[in-house]
């Protein structure tokens, strides 16, 4: 309840996007390998952004 109105940091938003792309890629891998590969590539780009933010915060 206390975190109800808490805004998410850019890092948290990117982590959610990354998780979402991984889930979509996994589901797509059963039907369309090309789409799955594309989603994984996008997830990797987000992972790179997450790493940059973590390095800047250190």
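The values are calculated or read from the model by the stated rules, or taken from the named source; none is laboratory data. This structure is a prediction, so every number in the text was calculated from the model and none was measured. Backbone-built Cβ (ideal geometry, glycine too); neighbour counts: all protein chains shown.
Worth pointing out:
- Sub-8 Å Cβ pairs linking a first residue in the stretch 15-42 that is without any contact (Cβ under 8 Å) to a residue 12 or more places away in the chain to a second residue that is surrounded by 13 or more Cβ atoms within 10 Å (Cβ to Cβ) and outside any helix (DSSP H, G or I), at least 6 apart or interchain, are 36/29, ordered by first then second residue.
Yes/no matrix, rows are residues, columns are (1) at pLDDT below 95; (2) under 15 Å from the mean Cα position of the chain (by Cα):
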site	(1), (2)
1	yes, no
8	yes, yes
15	no, yes
18	no, yes
26	no, yes
35	no, no
39	no, yes
47	no, yes
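- Screening the stretch 19-38 for residues that are touching a helix residue (DSSP H, G or I) at 6+ places or on another chain (Cβ under 8 Å) and under 24 Å from residue 9 (Cβ atoms) and picking the one that is surrounded by the fewest Cβ atoms within 10 Å (Cβ to Cβ) gives 22.
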